[in-house]
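Report on the structure given below.
The values are calculated or read from the model by the stated rules, or taken from the named source; none is laboratory data. Not measured: the values here are computed from a predicted model. Methodologically, a virtual Cβ is constructed for each residue, glycine included, from the backbone with ideal geometry; neighbour enumeration extends over all protein chains shown.
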Amino acid sequence: MSQTSPKIVIYLKTFCGWSEGVRVVMRKYRLAYEEKDVVKNPAFRWEMEQRSGQPLCPCVEVDGHILVDVSGEEVEKWLIQNEYVCKDEVAEEEPSHTLRDEPPLKVASPAKVRLPAKASKSRFFD
């Protein structure tokens, strides 16, 4: 395992399940990181695209190694394989995959959804 704390920068979105999965892994291993929200600050999105060569997030940079469009599980696996953390270091508080690919809490049933009798035409403005 690494003797010094890694420099971690995470480019993410505020309300994104995949981004939250990455945060869960950071909390699980008590890793310090710099969070850059690409929605709140478009300059961070530009910075992420310049550094990673692509527009998808979350994007995690660990000591200069860039992991693009990753889930919390993938980040955790990479950190373990590269000996930044040890799987047995901490007790698992929350699985990193729990916030990904889950349906919304409430989903309206088709019977309760009312559509207008006649759809209005869409208008586009120049």
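Limited to segment 1-43, what total is found for residues that are part of a helix (DSSP H, G or I), surrounded by fewer than 19 Cβ atoms within 10 Å (Cβ to Cβ) and not charged (D, E, K, R)?
The total comes to 3.
Just name the residue that is nearest to W18 (Cα to Cα) out of those in segment 64-79 that are in contact with a helix residue (DSSP H, G or I) (Cβ under 9 Å, 6 or more places away or on another chain) and in a loop (DSSP other than H, G, I, E, B).
Here the answer is S71.
Taking segment 1-22, which residues are in contact (Cβ under 8 Å) with a residue 40 or more places away in the chain and closer than 16 Å to W78 by Cα?
Residues satisfying the conditions are M1, S2, P6, K7, I8, V9, I10, W18, G21, V22.
Taking segment 28-71 as the region of interest, how many residues are under 13 Å from the mean Cα position of the chain (by Cα), within 23 Å of N82 (Cα to Cα) and among the charged types (D, E, K, R)?
Count: 3.
Looking for something at pLDDT 95 or above, part of a strand (DSSP E or B) and under 20 Å from I10 (Cβ atoms) - is there at least one such residue anywhere in segment 80-94?
No, because not a single residue in segment 80-94 is at pLDDT 95 or above, part of a strand (DSSP E or B) and under 20 Å from I10 (Cβ atoms).
If a residue has to be in contact (Cβ under 8 Å) with a residue 40 or more places away in the chain and in contact with an Asp or Glu (Cβ under 8 Å, 6 or more places away or on another chain) to count, how many in segment 24-50 make the cut?
5
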